[in-house]
Amino acid sequence: MALPIEDYALVGDRGTAALVGRDGSVDWLCLPRFDSPACFAALLGDHDNGRWVIAPADAEGVESTRRYVGNSAILETTFTTPTGVLVLRDVMPTHDGRADFVRSVRCSEGSVRVAHEWVVRFDYGLVRPWVTRQKVGGHEVIVATAGPDKLMLHGPRLPRAVDGHHADEFDLAAGESMTFSTTWVRSWHELPEPVPFDTRIEATRVEHERWALTCTADIPHGDLVRRSLLTLRLMTHDETGGIVAAPTTSLPEDFGGERNWDYRFCWLRDAALTLESLIGAGYTDEAQSWRDWLLRAVAGDPQDLQIMYGIDGGRQLPERELDHLAGYAGSRPVRIGNGAVDQRQTDVLGEVMIALEDARNGGLEETPQSWALQRALVDELATHWDEPDHGIWEIRGPLRHFTHSRVMVWVAFDRAVKAVEEHGFDGPVDHWRTLRDRVHAEVLERGYDAERGTFTQHYDTRELDASLLNIPLVGFLPGDDARVLGTVAAIEEDLMHDGLLHRYRTQTGVDGLEGGEHAFLACSFWLVSAYVASGRRDDARALMDRLCALANDVGLLSEEYDTVAGRMAGNFPQAFSHLTLVQAALALR
């Protein structure tokens, strides 16, 4: 049985990432990329689906505390046992052509008996590898091979084969330590020689710390903002510039239900919003890498624009189910790939245009290719802007005119107009301006319920949607406009439960799925920003404090929060939650 979601921490090298439990178990790791098949998949199954454990052998009476070392992604877990204290450090050194996971265990007080278990199962816990012991550079290593993948375990004391896995126990006294590493290579490549990790780990720490220094100073909840930014950076592929929505798949929005999705891909919306947060916090260099990724990913006919892509810009993300996995907390199906790739979500281009405008204003020069792409995408939108779509929440039901989507259509035209008027780029500005005004008028007429004084989820309903909180945040209306104030009040009345917001009322059946969900953290962070825009700063600060208190002990947030059980839900850590936290903190400055 996997731990509660909040009991995990993230370790990564900007090529992939792992979830490490407070019990010392690596329960999720895909190698060599975020979207590769997992080799440790106990998170979504059981121990036999793969994990790597280093922890006290006797769990009775053991207390564990965790921290990241400074402003780095080096995780330190301290186990206090009846006989002594054990400190475990986990790190994936900066991605430099190798994919290594290094675990160093040290006894700082007394003595501790340590358990070490290495269970490799390739292809999401399905395939048992062929395992051998070999000599590499004079060192004995354990090698697990299956299909295209090969893992090498190196260390001063290797575990023994026991019934399909490798296990060992050993004693450490105060001052004694051992370091182990797991390295991935292609199965047809020669094994790389084990290398001393001290220098690489220190270089990784220094690089992380140096990057964190760029963060805007004097910002509310500064430590959590920096951790959020570091987390967003860990979810950015260092070679391609693609930004994944989360490093996990199928962590449930509804425990025991079917709302389980694969988020290990690059949504244009989420990536653009991440870029906005980074630029707002002072990180402008990242804009270049992401824009280059965008140009490659969407190259071709503007009609073929997708809402998401693979990390490398790939377009084929077929959704399928893994029947051999029991699912987290029995939540099935476990899915890989994402069928929403074929959806129409008209809001996406608006988010992209905001991010690119922020990049321009932050000093990034447009190239002829980058502006030509934006112009082509906006011109394409101009031919079908009035068509219905699936909306921001990937509604798996009928196409509708979602109000948020219409607002973001307005944004796309508005930012295109500003690019011409304020930056001197060429384009059919009169046509874009006319369309911008037409969309604005249509939203005010068809997306607003004058009787209740609120905007609605889509044109054919009186239901609400938390995404409407973006209306003042993107400049569609001022934050103190009566229609905005009425919308905020209505959302508080209809969608707030235990002080946090849900996205919409699932009871209406609008999304075509069974079951419900929990409070969606990004929506509550949007409410913080909307409070600021409407002048309710005291309410904004109070809600921000409440939300930040929900982060786990190492500053990470999932997609949703179960206020009844007091636990996290959904994929973890979630870029959307962390980027909206940063945006809310920036609004509160």
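Laid out as a table, the results:
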quantity: Residue satisfying all of: in the range 122-147; farther than 15 Å from Pro37 by Cα and of a type in the set (Val, Ile, Thr); surrounded by the fewest Cβ atoms within 10 Å (Cβ to Cβ) among these; calculated: Thr132
quantity: Qualifying residues in the range 493-548 (those that are out of contact with any Ser or Thr (no Cβ under 9 Å at 6 or more places or on another chain) and either of a type in the set (S, T, N, Q) or not assigned by TED's automatic domain parsing to the domain that holds His578 (or both)) - the one farthest from Asn571 (Cα to Cα); calculated: Ser534
quantity: Condition check for Ala441: farther than 22 Å from Phe520 by Cβ and without any contact (Cβ under 8 Å) to a residue 12 or more places away in the chain; calculated: yes
quantity: Number of the condition not met by Phe255 [criteria: (1) at pLDDT 90 or above; (2) of a type in the set (A, V, I, L, M, F, W, C); (3) surrounded by fewer than 24 Cβ atoms within 10 Å (Cβ to Cβ); (4) within 21 Å of Val582 (Cα to Cα)]; calculated: (4)
quantity: Test set (1) in contact with a strand residue (DSSP E or B) (Cβ under 6 Å, 6 or more places away or on another chain); (2) farther than 24 Å from Ala522 by Cα - Ser405 fails condition number; calculated: (2)
quantity: Residues of the range 236-252 satisfying the condition of being at pLDDT 95 or above and not small (Gly, Ala, Ser); calculated: Val244, Pro247, Thr248, Thr249, Leu251, Pro252
quantity: Selected residue (criterion: nearest to Ala549 (Cα to Cα)) from residues of the range 219-256 that are of a type in the set (S, T, N, Q) and in a loop (DSSP other than H, G, I, E, B); calculated: Thr248
quantity: Strands (runs of 3 or more DSSP E) wholly inside the range 12-113 containing at least 1 residues that are under 24 Å from Ile243 (Cβ atoms) and not β-branched (Val, Ile, Thr); calculated: 17-21, 25-30, 38-40, 63-68, 75-80, 84-91
quantity: Residue within the range 221-228 that is modelled with pLDDT of 90 or more, surrounded by fewer than 17 Cβ atoms within 10 Å (Cβ to Cβ), out of contact with any Leu (no Cβ under 6 Å at 6 or more places or on another chain) and more than 30 Å from Gly45 (Cα to Cα) present; calculated: yes
quantity: Selection within the range 157-166 - over 23 Å from Glu190 (Cβ atoms) and assigned to a loop (DSSP other than H, G, I, E, B); calculated: Arg157, Pro159, Asp163, Gly164
quantity: The range 190-218 - residue that is within 22 Å of the chain's Cα centre (by Cα), assigned to a loop (DSSP other than H, G, I, E, B) and β-branched (Val, Ile, Thr) and, of those, surrounded by the fewest Cβ atoms within 10 Å (Cβ to Cβ); calculated: Thr214
quantity: Residues being touching a Lys or Arg at 6+ places or on another chain (Cβ under 9 Å) and not in a helix (DSSP H, G or I) - total across the range 345-385; calculated: 7
quantity: The range 475-488, subset under 28 Å from the mean Cα position of the chain (by Cα) and surrounded by 18 or more Cβ atoms within 10 Å (Cβ to Cβ), residue farthest from Ser534 (Cα to Cα); calculated: Phe476
quantity: Residues of the range 325-344 that turn out to be assigned to a helix (DSSP H, G or I) and closer than 30 Å to Trp385 by Cβ, as a count; calculated: 4
quantity: Test for Ala519: is it touching a strand residue (DSSP E or B) at 6+ places or on another chain (Cβ under 8 Å) and of a type in the set (Gly, Ala, Ser); calculated: yes
quantity: Residue list for the range 164-189, restricted to those being loosely packed, with under 14 Cβ neighbours inside 10 Å and closer than 22 Å to Asp149 by Cα; calculated: Gly164, Arg186, Trp188, His189
quantity: Tally, over the range 517-545, of residues that are in contact with a helix residue (DSSP H, G or I) (Cβ under 8 Å, 6 or more places away or on another chain) and either part of a loop (DSSP other than H, G, I, E, B) or of a type outside the set (Phe, Trp, Tyr) (or both); calculated: 18
quantity: Test: residue in the range 481-495 that is in a loop (DSSP other than H, G, I, E, B) and touching a residue at least 60 places away in the same chain (Cβ under 8 Å); calculated: no
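Listed here are the residues, each with its yes/no results for (1) at pLDDT 95 or above; (2) farther than 17 Å from Gly125 by Cα.
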{"site": "Met1", "(1), (2)": "no, no"}
{"site": "Pro4", "(1), (2)": "yes, yes"}
{"site": "Asp46", "(1), (2)": "yes, no"}
{"site": "Ala57", "(1), (2)": "yes, yes"}
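The values are calculated or read from the model by the stated rules, or taken from the named source; none is laboratory data. Source: prediction; values computed, not measured. Glycine gets a Cβ as well: all are built from the backbone with ideal geometry, and neighbour counts include every protein chain shown.
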